[in-house]
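This report concerns only the one structure given below.
Derivation of every value follows stated rules applied to the coordinates shown; laboratory data play no part. Predicted model, so just to flag it, every value in this text is computed and none were measured. Please note: Cβ atoms are built from the backbone with ideal geometry, for glycine as well, and neighbour counts cover all protein chains shown.
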Amino acid sequence: MKALLKRDHWPLWVVLSVMALALILPAILPWTYDQIDWDAVRAPAFSGSHIFGTDEIGRDRLARLAAGTQVTLMVAIAAALVSLVVGIAWGATAGWVGGKVDEAMMRFVDALYALPFMFIVILLMVIFGRSILLVFVGIGLVEWLTMARVVRGQVMALKQRPFILAAEAAGSPPLTIILKHILPNIAGVALAYLMLTVPQVVMVESFLSFLGLGVQEPLTSLGILVKEGADDMDMTPLGLLLPGGLLVLLLVCLTIEGERLRDTYS
Amino acid sequence: MTAVPTLLAIILASFFLMRLAPGGPFDGERPLPPETQAALQTAYGLDKPLWEQAWIYVSRLVQGDFGPSLVYRDFTVSELVAQGLPISLTLGGLAIILALLIGISAGLFAAVRAGKAADKTIMMIATVATALPTFVTGPALALFFGLWLDLLPVSGTGEGWSWLIMPVIALALPVSGAIAKLTRAGLATVLKQDHIRTARARGLPETKILFKHGLRPALVPVASYLGPAAAGLLTGAVVVETVFGLPGLGRYFVQGALNRDYPLVLGVVTLYAALIILFNLFADLIYGWLDPRMREG
């Protein structure tokens, strides 16, 4: 925890502050994100109680930003966790069992890497409706490949270490060894790649929402806000610049933080 | 030589996935009478068993026939694709060339000044660039250069080449950032190796060391990134084509998916998959050229 307070970790603190604001603001603001103020359509910034003005149908921009950020980050964290679980399970199995099984499992990962995956996700969204649950399960299932590769490499290296051999010699079952001795040792690297997965997921979710295939109304997300802003940018450029800027800020901070963690652990 | 089975697997997977979807291509505003529905189903062969439909589809595909579009009734999928493909290929091709130019020169520049302020600044810019989603940069560019400065067309293909500038830049930015980082990292490793020290000891000029002995092996990681980059560019092209109103493949894909135009979506997915597989093969060739040790395996 102490390490996180160092200056190097400013990107993480930016993200955490944005997250905190997104959680607190809806409770304080006089407007909810889907409430329409009929007297103030496309109001400019700082007019009355609308700090960032209102959108093309009179909804408070700041409230919508907060709600959208909440959804985007929630989907991102949930999907990154799905990718973590699938990636660790797949990678650890391949690395631990080794041989033909490992080769087959990693071939599968290689093959999936080469696929135009985004298009399969789009098809999934069209087919199974656009529930928020499916959005993150779908994204999580796409983004586990790198995690699986990294975890496999780590497990292969650890397998040869004396303390693992000793545990094996002492008769511990494989699952116990993996859970008790291997997982704690790969936690750091896994965390670093989890951190790098989050911006990927944010990008995919916003991309889907931008195309109208992700999160659905009345829920909103940063991708939807960017889309709405882009459609109305000739009237109110703020509608594009605010969510677009916030999204880029989050993506940049998450990427920098993830890369720093990765460089620390590898 | 796994290209053909991979492609076939993708086609079949998309084929069956799409048929699981509720709703069909003939659901309009007003429901059609059941007899018309049935007649349409028969006319397009949708009443046959799924496996038979898949077999018919693939055997026609092998002969280059993508079938009719179910929504754009007057066009075959081949015609629509033939219109869209050149636009998407121009966008993607120009974007990757631009990204390689910017990325490699920025990476080279940073590696030469390793550890100095210029290096750190360039690498920071590269990191920011990789995190720029096309669906933000696209509309933002259109806002600044199209609406405010009125320099470039905001939508459509228009005359001349100016319509390509903003879409290509929006597409190339994240890729060029990634290439700059890979080049910088590759050069940093290569410049520490024995053959570079030997070259320095022989008193070769620094530029010759860099371009003749350093850059080529340093670009190996860039070559292996080209495959994923191509996939990323195609996905980005979907957004860019939507944002800038360009009639490329990506637009047909989105429209087709929303309208349940099965043959259109399948045709576009097949083409995308084929393009990515082709590009991966091409990247393997470059790989072998850059690093002769790879040619054996």
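Could you compute Rg(Cα) / (2.2 N^0.38 Å) for chain B, with N its residue count?
1.24
With Cβ to Cβ distances under 13 Å as the rule, what net charge do the other residues near residue B:121 carry (K, R +1; D, E -1)?
Around residue B:121, the charge tally is +3.
Using θ = phi - 60° and the Karplus relation 6.51 cos²θ - 1.76 cosθ + 1.60, list the HN-Hα couplings for segment A:228-236 in order, rounded to whole Hz, with x at every Gly or Pro.
3J(HN,Hα) across segment A:228-236, in whole Hz: 4, x, 5, 5, 10, 6, 6, 8, 10.
Taking chain B as a Gaussian network, where each spring joins two C-alpha atoms under 10 Å apart, which residue of B:215, B:143, B:32 fluctuates the most?
B:32
From the mean inverse distance of alpha carbon pairs (Kirkwood) and the Cα radius of gyration, derive Rg over Rh for the protein assembly as shown.
A ratio of 0.98.
Using only Cα atoms and rounding to the nearest 10 degrees, what angle (0 to 90) does helix A:238-265 make with the longest principal axis of chain A?
It is inclined by approximately 20 degrees.
Roughly how many debye, to the nearest 20, is the charge dipole of the protein assembly as shown about its Cα centre, given +1 on each Lys and Arg Cβ, -1 on each Asp and Glu Cβ, and no other charges?
2660
May I ask you to sort B:213, A:9 by Cβ crowding, counting other Cβ atoms within 10 Å and putting the fewest first?
A:9, B:213
Find the centroid of the Cα atoms in segment B:253-297 and in segment A:65-110, then give the distance between the two in whole Å.
The two parts, judged by their Cα centres, are 23 Å apart.
Positive end of the dipole of chain B, charges at C-beta (+1 Lys, Arg; -1 Asp, Glu), about the Cα centre: which of B:135, B:214, B:226 has its Cα farthest in that direction?
Projecting each Cα onto the dipole axis, the largest value belongs to B:214.
Of the cross-linked pairs A:6/A:227; A:6/A:159; A:100/A:180; B:120/B:208; A:100/B:192, which ones have a Cα-Cα span greater than 31 Å in the structure shown?
Checking Cα-Cα distances, A:6/A:227; A:6/A:159; A:100/B:192 exceed 31 Å.
Using amide H atoms built 1.01 Å from N in the peptide plane, name the residues 5+ places from residue B:76, or on other chains, whose amide H lies under 5 Å from its own.
B:69
Charges on Cβ only, +1 for Lys and Arg, -1 for Asp and Glu, centred on the Cα centroid of chain B; of B:152, B:33, B:62, which one is farthest towards the dipole's positive end?
Result: B:152, furthest along the dipole toward the positive end.
About the Cα centre of chain A, what is the dipole size in debye to 20, counting +1 per Lys and Arg Cβ and -1 per Asp and Glu Cβ, all else neutral?
1200
Averaging over every viewing direction, what projected area does the convex hull of the Cα atoms of segment A:135-266 cover, in nm²?
Its average projected convex-hull area is 9.8 nm².
By how many degrees, 0 to 90 and rounded to 10, does the Cα axis of helix A:99-113 deviate from the longest principal axis of chain A?
That helix lies at roughly 20 degrees to the long axis.
Residue by residue through segment B:146-156, which ³J(HN,Hα) values in whole Hz follow from phi under the Karplus form 6.51 cos²θ - 1.76 cosθ + 1.60 (θ = phi - 60°), with glycine and proline marked x?
x, 7, 7, 8, 6, 8, 10, x, 7, 8, x
Helix B:77-112 against the longest principal axis of chain B: what's the angle in degrees, Cα atoms only, rounded to the nearest 10?
Once rounded, one gets 20 degrees.
Quick query: amide H of residue A:213 versus all other amide H atoms, modeled in the peptide plane; which residues come in under 5 Å with a sequence gap of 5 or more or a different chain?
Placed amide hydrogens put nothing under 5 Å from residue A:213.
Excluding residue B:276 itself, calculate the net charge of residues whose Cβ lies under 15 Å from the Cβ of residue B:276, where each Lys or Arg counts +1 and each Asp or Glu counts -1.
After counting each charged neighbour, the total is -2.
Rounded to two decimals, what ratio of Rg to Rh does segment B:215-256 give with C-alpha atoms and a Kirkwood Rh?
Ratio value, two decimals: 1.23.
As a test of the definition: which semi-axes, in Å, follow for segment A:2-265 when you take the square root of five times each eigenvalue of its alpha carbon gyration tensor? Largest first, please.
Ellipsoid half-lengths, sorted descending, are 42, 21, 14 Å.
Percent relative contact order of segment A:55-201, based on C-alpha pairs within less than 8 angstrom and at least six residues apart?
Normalised by residue count, the contact order of segment A:55-201 is 37 percent.
Quick check on segment B:130-184: what are the equivalent-ellipsoid semi-axes from the Cα gyration tensor, as sqrt(5λ), descending, whole Å?
24, 12, 8
Computed over the Cα atoms, what is the radius of gyration of segment B:12-150 divided by 2.2 N^0.38 Å, N being its residue count?
In units of the 2.2 N^0.38 Å rule of thumb, it is 1.70.
As I understand it, the dipole of segment B:130-220 uses +1 on the Cβ of Lys and Arg and -1 on the Cβ of Asp and Glu, about the Cα centre. Which of B:171, B:205, B:186 lies farthest toward its positive end?
Farthest towards the positive end: B:205.
What is the Cα centroid distance between segment A:20-47 and segment A:152-199, reported in whole angstrom?
So the separation of the two Cα centres works out to 48 Å.
What residue among A:176, A:32, A:54 shows peak mean-square fluctuation when chain A is described by a Gaussian network model with Cα springs under 10 Å?
A:176
Tell me what the protein assembly as shown gives for mean residue ellipticity at 222 nm when only DSSP H runs of n ≥ 4 count, each as -39,500 (n - 2.57), the sum divided by the residue total, rounded to 500 deg cm²/dmol.
The per-residue figure over the protein assembly as shown is -23000 deg cm²/dmol.
Just to be sure I follow the definition: excluding the sites themselves, where is the longest run in chain A that has none of the chymotrypsin sites (Phe, Trp or Tyr not before Pro) in a DSSP loop with at most 11 other Cβ atoms within 10 Å?
It works out to A:47-266.
For chain B, what does the relative contact order come out to in percent, with C-alpha contacts under 8 Å and a separation of six or more?
26
Can you give the longest stretch of chain B with no exposed loop site, where a site means GluC sites (Glu not before Pro) in a DSSP loop (not H, G, I, E or B) with at most 14 other C-beta atoms within 10 Å?
My reading of the result: B:160-295 is the longest stretch.
Read phi for every residue in segment B:116-133 and hand back ³J(HN,Hα) as whole Hz from Karplus 6.51 cos²θ - 1.76 cosθ + 1.60, θ = phi - 60°, with x for Gly and Pro.
7, 4, 4, 4, 5, 4, 4, 5, 5, 4, 4, 4, 4, 4, 5, 9, 8, x
Counting Lys +1, Arg +1, Asp -1, Glu -1, what net charge surrounds residue A:93 among other residues with beta carbon under 12 Å of its beta carbon?
Once all neighbours under 12 Å are counted, the net charge is 0.
For segment A:2-265, what's the relative contact order in percent, using C-alpha pairs closer than 8 Å and at least 6 residues apart?
Normalised by residue count, the contact order of segment A:2-265 is 23 percent.
What average count of beta carbons from other chains do you get within 10 Å of the Cβ of residues in A:162-172?
Partner-chain Cβ atoms within 10 Å, mean over residues of A:162-172: 0.
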